[in-house]
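Bear in mind that the values in this text are calculations on the coordinates, not laboratory data. Note that the structure is a prediction, hence the values are computed from the model and not measured. Note that we place each Cβ from the backbone using ideal geometry, even for glycine, and neighbour counts take in every protein chain shown.
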Number of protein chains: 2
Amino acid sequence: MVTIYDIAKRANVSAMTVSRVINNSGRISAGTREKVKRIMEELNYIPNSTARSLVKQETKMLSLLITDITNPFFTTLARGAEDAAHQLGYKLLFGNSDEKLSKEKEYVDMVLSTRVDGLLFAPASDASADHLAMLNVHRIPFVLVDREVPGVEADMVLGENRTGAFQLMEHLVSLGHRRVALINGFGTVSTARERYAGYREALERHRLPYDDSIVLEYGYNRFDDPAKLERILRMPDPPTAIFAANNMLAVSIIGYLRDRGVSVPEQISVVCFEDVGMASELDPFLTVAVQPAYEFGYRGIELLMERIRRKEEMERQTIRLPSELIVRKSAGAPPHRL
Amino acid sequence: MVTIYDIAKRANVSAMTVSRVINNSGRISAGTREKVKRIMEELNYIPNSTARSLVKQETKMLSLLITDITNPFFTTLARGAEDAAHQLGYKLLFGNSDEKLSKEKEYVDMVLSTRVDGLLFAPASDASADHLAMLNVHRIPFVLVDREVPGVEADMVLGENRTGAFQLMEHLVSLGHRRVALINGFGTVSTARERYAGYREALERHRLPYDDSIVLEYGYNRFDDPAKLERILRMPDPPTAIFAANNMLAVSIIGYLRDRGVSVPEQISVVCFEDVGMASELDPFLTVAVQPAYEFGYRGIELLMERIRRKEEMERQTIRLPSELIVRKSAGAPPHRL
DNA sequence: TTGTATGCGTTATCAG
DNA sequence: CTGATAACGCATACAA
């Protein structure tokens, strides 16, 4: 490997002079600067950032931990994060927890040992608090994105889940629905709680009854339990609409409905949180509350960098990003009862 | 920061002994091992992999460079790569070239300085050869994924683009199409050349004429040039089908057709390479040649690791992964002419 | 403007 | 089984 010493020897200067040329620090005569630069080119020298990190105690690496690398919401978020990091001269280490605490822990251990300068973190659940505590112990700055964790103080970039859910429900109610099932994420995830709150708020606003039996806590993965759905559809008074708490749930539920011969929206309406990537373009079908996923990532990294630079002397910040109701075709008037 | 010396002091042993406990190397008495372990726990010690990398000359990091982090093909590939890397105890550094050589170069410089142990690389075009040459100069092992580069010898994981394109065309021909437009990626990208070859091969097989005026080299980004499409649609003898060389092109083209009131597949058929993520589940519409994207990533990392372990003493390998024709609804019989 | 000595946290090597 | 020393490649502090 070519080191600064190799350059130094060839240029008849000291290693320090080479270092200064690389970092544009200190004063150097134009002559030696040129000579050193030329020799670096000749030898294809590239600074070893491992060594640099060791002495400077910074890696110029940030890390992004998300819960599902195949979900368009998170990939778009990742894109925003990557763009921001790249522009700021940082590399991005990705991790994928699959909504699992065990994978999340492994990943946190990894980044701790990698000594990344900071972490943009979408926690799998409230139980992620332990992992965040580890980050605090080791003084790794982090920003929470998409989800918050009770009892953890941190900078955050969050969506307006409650309002978004409320709007989705308002839309359904305005179409005439009075009985709406909610297929939600786990109650241990803040976004699921907030969407639930928006759901209930809408019911109350319109003096609609809350019925526990059409509210399911399923989790944010694809829905894979036809029996539960069947039970709801076979009720004497079945819901006329389904509010799926995220895109994966909506897509898989619509799949089941289709397989069963139930047409959307004619027989039942479906709405959800988060958009569905290319699907919304190919066939603008799903009525959704879209979150600005790219902004989540971009502003998350910006906030993280601000925290890194200003250390403790900055107030904690929470950025709330609104969602937008996009009315398409998956929700219509409820069917007439015979 | 807690270091190996802090542990050593507390345990009344040397730093080396601590190091041996951490790495399970050398023989150590059960007693001191336990003591050291306990103290590491107490102090929340986590090894500094930066320092370790410096002396061991390996970072336990691999890098994945893709051309579009928002395309479901690449995100699924990324997922496969992340899974493989994680299982092998490696971290994954992601990069996104946006199909641009300039971003690709920046990224290559970054990983060179980061001293990753290897790189899984989806080159932006044939001109990426320069960047690959840099990797060779610095002896960074790499595996090409999805695309090959003429003149560059390397391990590769590639798709069967020619066969896949041929099958897609066969399907169209079997439906009765005799005039099919091709909207392709740039000729400087190997997959575009191969898909083009499959297209021509199918024409020849069925003794259909090749018409230059309905073959467009557009690039793999979303199609954004209505005029070009208009020109083709307005021909006296317009094509009855469009073969879009990737998912982005297909989706955006279908969008334009819809806006213009042209219905697919009634008035014109559309097929493409690569699936469209959630869209294919929400509404199984597009007839496509699906590539095993996850395998691309997973096997790419496996191959890369093999190369890293066995160095030069291994023959170069090329893995060819077949695509699968999935017939859905976007292609039907050509319309009857009046 | 340039150079010397030192240390970042870890492991390889050799000695005991 | 354990320890002392040097080295990985670079940058900081100080000296010249």
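Computed FRET efficiency, Cβ-Cβ of A:Ala30 and B:Val55, R0 35 Å: what is it to the nearest 0.05?
About 0.40, to the nearest 0.05.
What shape does region A:33-123 have by the C-alpha gyration tensor, where a ≥ b ≥ c are the square roots of the eigenvalues, rounded means a/c under 1.5, and otherwise prolate means a/b greater than b/c and oblate the rest? Write out the running numbers ahead of the final one.
On the way: a/c = 3.40, a/b = 2.05, b/c = 1.66.
Here region A:33-123 falls in the prolate category.
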Taking Cα atoms only, helix B:247-259 is inclined relative to the longest principal axis of chain B by an angle, in degrees rounded to 10, of 40
In sequence order, calculated HN-Hα J values of region B:55-72 (Karplus, 6.51, -1.76, 1.60; Hz; x Gly/Pro): 7, 7, 6, 8, 9, 6, 10, 10, 10, 10, 10, 10, 9, 7, 6, 9, 7, x
Cut-off 15 Å between beta-carbons: net charge of the residues surrounding B:Asp109, Lys and Arg +1, Asp and Glu -1: +3
Counting only residues 5 or more apart in sequence or on a different chain, those whose built amide H sits under 5 Å from that of B:Phe142 are B:Leu119
Relative contact order, percent, of region B:171-236 when contacts are C-alpha pairs under 8 Å separated by at least 6 residues? 40
Comparing A:Arg299, A:Arg162, A:Arg258, which has the greatest mean-square fluctuation in the GNM of chain A with Cα pairs linked when under 10 Å apart? A:Arg258
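Below 9 angstrom from the Cβ of B:Leu62, what's the summed charge of the other residues (Lys, Arg +1; Asp, Glu -1)? Display every interim value, and only then the final one.
Details: positive: B:Lys60, B:Lys91; negative: B:Asp117.
Counting the neighbours of B:Leu62, the net charge comes to +1.
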Helix A:30-42 axis, angle to chain A major axis (alpha carbon atoms, nearest 10°): 60
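Can you give the helix-only mean residue ellipticity at 222 nm for chain B, where every DSSP H stretch with n ≥ 4 adds -39500 (n - 2.57) and the sum goes over all residues, rounded to the nearest 500 deg cm²/dmol? It would help to have the intermediate numbers written out before the result.
Details: 13 runs with 150 residues, N = 338.
The helix contribution divided over chain B gives -13500 deg cm²/dmol.
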At 0.36 nm per residue, and after removing the present C-alpha to C-alpha distance, how many nm does the segment from A:Arg316 to A:Asn44 gain when stretched out fully? 93.5 nm
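Subtracting the Cα-Cα distance from 0.36 nm times the residue separation, let me have the gained length for A:Glu266 to A:Ala129 in nm, one decimal.
Working: separation 137, 0.36 × 137 = 49.32 nm, distance 4.38 nm.
Length gained, A:Glu266 through A:Ala129: 44.9 nm.
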Residue by residue through region A:8-20, which ³J(HN,Hα) values in whole Hz follow from phi under the Karplus form 6.51 cos²θ - 1.76 cosθ + 1.60 (θ = phi - 60°), with glycine and proline marked x? 4, 4, 4, 9, 6, 10, 8, 4, 4, 4, 4, 4, 5
Taking 8 Å as the Cα distance limit and 6 or more residues as the minimum spacing, I'd like the relative contact order of chain A as a percentage. 18
Could you identify the residue of A sitting closest to the A-B rotation axis by Cβ and state that distance rounded to whole angstrom? A:Ala279, 2
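Using the number of other C-beta atoms within 10 angstrom as an exposure proxy, rank A:His206, A:His138 with the fewest first. Kindly include the intermediate steps, with their values, before the conclusion.
Values: A:His206 13, A:His138 16.
Result, fewest neighbours first: A:His206, A:His138.
In square nanometres, what is one fourth of the surface area of the convex hull spanned by the alpha carbons of region B:4-47? Numbers along the way, then the final one.
Values: hull surface 10.3 nm².
Projected over every direction and averaged, the Cα hull of region B:4-47 covers 2.6 nm².
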Express as a percent, rounded to the nearest 5, the fraction of DSSP beta bridges in the protein assembly as shown (both residues included) that run antiparallel. 10
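Rg to Rh for region B:195-299: what is it, with Cα atoms only and Rh by Kirkwood? Intermediate results must be reported in sequence, preceding the final value.
Details: Rg = 14.6 Å, Rh = 15.0 Å.
Taking Rg over the Kirkwood Rh, I get 0.97.
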Pick from B:Asp212, B:Asp117, B:Asp155 the residue whose mean-square fluctuation is largest in a GNM of chain B, springs joining Cα atoms under 10 Å. B:Asp212
By count of other Cβ within 10 Å, fewest leading, how are B:Ser113, B:Ser263 ordered? B:Ser263, B:Ser113
Name the long-range amide H neighbours of B:Leu64: under 5 Å, sequence gap of 5 or more, or other chain; modelled H, no Pro or chain starts. B:Leu93, B:Phe94, B:Gly95, B:Leu120
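What is the fewest-to-most order of A:Met40, A:Met134 by other Cβ atoms lying within 10 Å of their Cβ? Intermediate values should be presented prior to the final figure.
Details: A:Met40 21, A:Met134 16.
Going from sparsest to densest Cβ surroundings: A:Met134, A:Met40.
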Among all the aspartates and glutamates, which ones have a C-alpha under 13 Å from B:Lys311's C-alpha, if same-chain residues fewer than 8 places away are not counted? B:Asp117, B:Asp155
Computed on Cα atoms, the radius of gyration and Dmax of the protein assembly as shown in angstrom are 28.0, 95
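Please compute the net charge surrounding B:Ser280, taking Lys and Arg as +1 and Asp and Glu as -1 over other residues with Cβ under 14 Å from its Cβ.
Working: positive: A:Arg222, A:Arg258, B:Arg328, B:Lys329; negative: A:Glu281, A:Asp283, B:Glu274, B:Asp275, B:Glu281, B:Asp283, B:Glu324.
Spelling it out: positives minus negatives among the neighbours equals -3.
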To test your reading of the geometry: what angle, between 0 and 90 degrees and rounded to tens, separates the Cα axis of helix A:161-175 from the longest principal axis of chain A? 30
What three numbers, in Å, describe the spread of the alpha carbons of chain B along their principal axes, ordered from the longest? 95, 41, 30
Quick one: which residues, 5+ away or cross-chain, put their amide H under 5 Å from the amide H of A:Leu216? H built at 1.01 Å from N. A:Leu182, A:Ile183, A:Asn184
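Which whole-number percentage describes the relative contact order of region B:192-338, with Cα contacts under 8 Å and a sequence gap of 6 or more? List each step's numbers first, then the result.
Numbers: 156 pairs, mean separation 34.0, N = 147.
The normalised contact order for region B:192-338 reaches 23 percent.
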Note, region A:117-130: 3J(HN,Hα) by Karplus (6.51, -1.76, 1.60, θ = phi - 60°), whole Hz, Gly/Pro = x, goes 6, x, 9, 9, 10, 9, x, 5, 6, 4, 5, 5, 3, 4
Which of A:Pro47, A:Pro238, A:Pro265 moves the most in a Gaussian network model of chain A with Cα springs under 10 Å? A:Pro47
